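Below: one structure, written as C-alpha cells.
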Amino acid sequence: MATAELLREHDVKPTIVRLKIYDYLITQKNHPTADTVYKSLLGEMPTLSKTSVYNTMDLFAEKNLIQAITIEENETRFDADTSDHGHFKCINCGEVFDFNVDLSEMMHSLPKDFSIKERHVYFKGTCPACS
Ligand SMILES: [Zn+2]
Ligand SMILES: [Zn+2]
C-alpha cells in the first residue's frame with residue numbers, strides 16, 4: 001500500500017513532512033527517538049522544524065501508525081512495526097533490538113473485564129557485539 005493511503009487510513013493527512021518521516025521509520029527500523037529522526041532528515045529537508053517532527057511522531061503514535069517505546073523514562077523511541085514483538089535494549093551501546101514474543105498466553109491469564117490498551121515487553125542487557 002502506498003504510504004499516503006496508509007496515513008489516510010489512519011486518519012492522518014499525508015503532508016510531505018509526514019510522508020518523509022513515515023518512510024524513514026519504515027526503512028530504517030532503528031527505533032529512533034524524535035531527535036534522531038529530525039537530525040537524519042535535516043540534510044534533505046533543511047526547512048524541517050524540530051517541533052513538527054516531534055508533533056508528527058506523537059500524532060503517528062496516537063493514531064497507531066507507529067508505537068512509542070519508553071524503556072527509559074527520559075527517552076521515547078518509535079517503531080513503525082506495530083505488531084507484537086519484544087525489545088531488547090543494550091545497556092552498553094544503547095541499541096534496541098527486536099525479538100519475537102507470543103503474548104497471547106499472558107493476555108489470556110488476565111482476569112475478565114480488564115481491557116488492554118498497550119502491551120510492551122522490554123529486556124535490558126548486553127548485545128552480542130558488546131558482550
Ligand atoms: Zn551493545
Ligand atoms: Zn521494534
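FYI, it's all coordinate maths here, none of it is from the lab. Since the structure is predicted, the reported quantities are computational estimates derived from the model, not experimental observations. A quick note on method: Cβ atoms are made from the backbone with ideal geometry, for glycine too, and the neighbour counts reach across all protein chains shown.
About its Cα centre, what dipole magnitude does the stretch 51-126 give when the only charges are +1 on Lys and Arg Cβ and -1 on Asp and Glu Cβ, stated in debye to the nearest 20?
So the dipole magnitude of the stretch 51-126 works out to roughly 80 debye.
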Seminar exercise, completed: Using the Cα gyration tensor of the stretch 3-79, the equivalent ellipsoid's semi-axes, largest first and to the nearest Å, work out to 18, 16, 11
Seminar exercise, completed: Eigenvalues of the alpha-carbon gyration tensor of the chain, times 5 and square-rooted, give semi-axes in Å, largest first, of 27, 21, 12
Seminar exercise, completed: Computed about the Cα centre, the charge dipole of the chain from +1 Lys/Arg and -1 Asp/Glu charges at the Cβ has a magnitude in debye, to the nearest 20, of 300 debye
Problem set entry | Cβ crowding within 10 Å averaged over residues, with 10-17, 48-55 ranked highest first | 48-55, 10-17
Exercise. What 222 nm value per residue comes from the helices of the chain, counting each DSSP H run with n ≥ 4 as -39,500 (n - 2.57) and dividing by all residues, nearest 500 deg cm²/dmol?
Worked result: -10500 deg cm²/dmol
Seminar exercise, completed: Given Cβ charges of +1 for Lys and Arg and -1 for Asp and Glu, the option among 97, 37, 115 whose Cα lies farthest towards the positive end of the dipole of the chain is 37
Problem set entry | Estimated dipole of the stretch 86-125 in Debye, rounded to 20 [Cβ of Lys and Arg +1, of Asp and Glu -1, Cα centre] | 140 debye
For this session: Please give the helix 16-28 orientation as an angle from the longest Cα principal axis of the chain, in degrees from 0 to 90, rounded to the nearest 10.
Result: 40 degrees
Seminar exercise, completed: Beyond 21 Å (Cα-Cα) in this structure, taken from 63/117; 63/124; 13/50; 13/63; 29/124, we find 63/124
Exercise. Out of 19, 51, 7, whose Cα points farthest toward the positive end of the dipole of the chain (charges: +1 Lys, Arg; -1 Asp, Glu; placed on Cβ)?
Worked result: 51
